[in-house]
1. How about region 121-152: which of its residues are in a loop (DSSP other than H, G, I, E, B) and either of a type in the set (A, V, I, L, M) or without any contact (Cβ under 8 Å) to a residue 12 or more places away in the chain (or both)?
2. Of these, ALA75, ALA2, which one is open to solvent by less than 60 Å² (accessible area, probe 1.4 Å) and on the phi < 0 side of the Ramachandran plot?
3. Given LEU336, LEU361, LEU395, which one is at pLDDT below 85, surrounded by 15 or more Cβ atoms within 10 Å (Cβ to Cβ) and out of contact with any His (no Cβ under 7 Å at 6 or more places or on another chain)?
4. Filter region 26-56 for residues that are within 30 Å of VAL204 (Cα to Cα) and open to solvent by less than 40 Å² (accessible area, probe 1.4 Å) and give the result.
5. Counting only residues that are within 20 Å of the chain's Cα centre (by Cα) and more than 20 Å from LEU139 (Cβ to Cβ), which one in region 321-333 is most open to solvent (accessible area, probe 1.4 Å)?
6. Kindly establish whether ARG249 is without any contact (Cβ under 8 Å) to a residue 40 or more places away in the chain, in a helix (DSSP H, G or I) and not hydroxyl-bearing (Ser, Thr, Tyr).
7. Working only within region 186-205, note down all residues that are at pLDDT 75 or above and surrounded by fewer than 19 Cβ atoms within 10 Å (Cβ to Cβ).
8. Among residues belonging to region 379-392 that are in a helix (DSSP H, G or I) and either touching a Gly at 6+ places or on another chain (Cβ under 8 Å) or of a type in the set (A, V, I, L, M) (or both), point out the one that is surrounded by the fewest Cβ atoms within 10 Å (Cβ to Cβ).
Amino acid sequence: MAVLIVLLYLGLPMFAALFLLPLGVLLAVEGGVPALGEMVIGNLDGYLLVAIPLFMLMAHVMVRGRVVDDLYAAAFALVRNLRGGVGIATVFACTIFAAISGSSVATALTVGKIAIPQMLRYGMSRKGAFGVVAGGGTLGILIPPSAPMVLYAYVTETSVGALFLAGLIPGLMMAAMFALYVMATEGHARVPEGEELPTAILPVLARAGWSMTLPVFVLGGIYMGVFTATEAAGTGALYALFVAGVIYRTLTWRDLLSGVQEATRTSSMLLLIIAGAAIYGYMLTKLGVPQRLTAEIAAIGLGRTGFIIAMMGLLFVLGLVLESFSIILLTMPAILPAMGVLGIDKVWYGVLLTLSLEMALISPPVAMNLVVIKAITGAPLAEVNRSILPYMLMLAFGTGLLIAFPEIALWLPRAAGYAG
């Protein structure tokens, strides 16, 4: 893994590094790689993988349809008179948009463009405004539907429905923490008493309702058995097209083409990484890494909690240099056997993994959500970095709660009938 990171720092694309490193090792150790083509095709030939580009298309359509304008307007209309209401509205908009987009960076970028000027206008500090967008943006990969969770489910052969349900309560818990923090620290940011709402509340809520029902429509269909996760992704993409193109009428043909191109580009890159990860996993197996890791854990007596804490630290460090898809594909082949020996629930670990990746998304000196806010505002990166410490601490606290009380994540999937 260290050699792989060095190759990436030298400028080699992720998929190329994943192909070249294991191929070089296997040629040196084994003298070749038997059935390479079958191995790659076999790992790409998964029906569940089709859900990832479809969820990405759904997200791009909703982003380009500018649905976040109505989400933020509805949230602002509902909570504008609370202490720090304008910041709480941002957390609310991030939470809903996270469920629509499934992307932390897209959430921070799209909500931030609208929310940051509004928060500053109503008296929030620059530190508070930057922090709430960066922190709220991390909810994108935790609140379902989430593309990284789909990939994790595919790699670990875990139920997508169980993972989506497991992420729901922790995601809402983190959103509540963020909102309470804003209320406590930015309570002075309120709309003046005499200022009228730009529009009536009910029409704003009615218009935003179309976009707010998208995650309910997608997830409800999965849990009611109407369609599989892949079918849900396709149906969700069609629903997004209907809302953005017919109801809002904000989606142009150029927007649609751009969204399709971006979803295709991202999905193609991911599939290449998956293909490379298949060879990487084969190399680990041939070198006996999973077996050695399991034996070392047993010899050290690390235990389940110690192993989880060690892995959370490793995931956080990896998240500083790699994106979430790559981390899932790199770590899971090595640690899955150890998780089985230690009796670690794969659904629970999937949520913990996601929380660690969220912390990495906002970890200075350079993290994607922080770079996005710098790009939106033109603020110095050092100023943006100073805004994020409270949200990192809250995410760490949330992770600790989840380690101590696994039922926070597991209660809902078990209540819905998922075994585990």
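1. Listed by number, the residues that qualify are MET124, LEU142, ILE143.
2. Within the list ALA75, ALA2, the selection yields ALA75.
3. On the way: LEU336 fails: at pLDDT below 85; LEU395 fails: at pLDDT below 85.
Only one candidate passes the filter, namely LEU361.
4. We begin by selecting, within region 26-56, every residue within 30 Å of VAL204 (Cα to Cα); these are 54-56.
The answer is PHE55, MET56.
5. Result: VAL321.
6. Against the criterion (without any contact (Cβ under 8 Å) to a residue 40 or more places away in the chain, in a helix (DSSP H, G or I) and not hydroxyl-bearing (Ser, Thr, Tyr)), ARG249 does not qualify.
7. GLY187, HIS188 - these are the residues of region 186-205 that are at pLDDT 75 or above and surrounded by fewer than 19 Cβ atoms within 10 Å (Cβ to Cβ).
8. Of the residues in region 379-392, the ones in a helix (DSSP H, G or I) are 381-386, 389-392.
From what is left, the residues that are either touching a Gly at 6+ places or on another chain (Cβ under 8 Å) or of a type in the set (A, V, I, L, M) (or both) are 381-382, 384, 389-392.
Numbers: LEU381: 15, ALA382: 10, VAL384: 26, LEU389: 13, PRO390: 18, TYR391: 25, MET392: 21.
Per the stated criteria, the residue is ALA382.
The values are calculated or read from the model by the stated rules, or taken from the named source; none is laboratory data. Please read these numbers as outputs of a predicted model, since none were measured by experiment. Cβ coordinates were reconstructed from backbone atoms using ideal geometry, including for glycine residues, and neighbour counts include every protein chain displayed. Just the protein is used for accessible areas: all its heavy atoms, side chains included, with ligands, DNA and RNA removed. Shrake-Rupley method; radii C 1.70, N 1.55, O 1.52, S 1.80 Å.
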